């Protein structure tokens, strides 16, 4: 038995679902055998184009049948033009900057070694440890971006309600 408040809630939910259907367009990275990645409109996208190795950053402004509209200047790109998409991993950035603290501590300790009366480490050991932490932080920089290549095993298409 439907009471008045249940009826109002059902009507409100139907209104909310129907009003949002037109706005639910997204770019889909379909990787066969793995999860799909949906990129909604208004999201910052990092990508490379075929024949170009430079990374481009732009906002996803609109979608059509096989065309992506990027940025404020309305740059139109076909789906076939994309070579790879890049997604940022924040936890690797935290690890990268987290290694700078001990690296700077050991390097400063090596620099002021003659001024310290009772040092814990030798000057060369402190410099080597600091450089090792610095090198570790730079290797974390390589893992900061996840790359999804568009190939025969992964495709890009426009999804959602048109």
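Considering only the stretch 69-92, I want to know if a residue exists there that is on the phi > 0 side of the Ramachandran plot and loosely packed, with under 12 Cβ neighbours inside 10 Å.
Keep residues of the stretch 69-92 that are on the phi > 0 side of the Ramachandran plot, which gives 71, 74.
Those left that are additionally loosely packed, with under 12 Cβ neighbours inside 10 Å: 74.
Yes, because at least one residue in the stretch 69-92 is on the phi > 0 side of the Ramachandran plot and loosely packed, with under 12 Cβ neighbours inside 10 Å.
Restricting attention to strands (runs of 3 or more DSSP E) lying wholly within the stretch 32-86, give those where 1 or more residues are touching a helix residue (DSSP H, G or I) at 6+ places or on another chain (Cβ under 8 Å) and in contact (Cβ under 8 Å) with a residue 40 or more places away in the chain.
Details: elements: 37-40, 44-49, 56-63, 67-70, 75-78.
It comes to 67-70.
What pairs come up if the first residue lies in the stretch 147-162 and is at pLDDT 85 or above, the second is surrounded by fewer than 13 Cβ atoms within 10 Å (Cβ to Cβ) and assigned to a loop (DSSP other than H, G, I, E, B), and their beta carbons are under 7 Å apart, counting only those six or more places apart or on different chains?
From the stretch 147-162, the pairs are 158/65.
Which of the residues belonging to the stretch 125-143 are touching a helix residue (DSSP H, G or I) at 6+ places or on another chain (Cβ under 8 Å) and more than 30 Å from residue 87 (Cβ to Cβ)?
Selection gives 126, 127, 129, 130, 131.
Only one of 151, 104 is out of contact with any helix residue (DSSP H, G or I) (no Cβ under 6 Å at 6 or more places or on another chain) and under 30 Å from residue 79 (Cβ atoms). Can you tell me which?
Values: 104 fails: under 30 Å from residue 79 (Cβ atoms).
Selected residue: 151, the only one of 151, 104 that is out of contact with any helix residue (DSSP H, G or I) (no Cβ under 6 Å at 6 or more places or on another chain) and under 30 Å from residue 79 (Cβ atoms).
I'd like to know if the stretch 150-162 contains one or more residues that are surrounded by fewer than 16 Cβ atoms within 10 Å (Cβ to Cβ) and assigned to a helix (DSSP H, G or I).
So far as the stretch 150-162 goes, no, none of its residues is surrounded by fewer than 16 Cβ atoms within 10 Å (Cβ to Cβ) and assigned to a helix (DSSP H, G or I).
The values are calculated or read from the model by the stated rules, or taken from the named source; none is laboratory data. Predicted model only: the values in this text are computed from it and were never measured. Cβ: placed from backbone, ideal geometry, glycine included. Neighbour counts: every protein chain shown.
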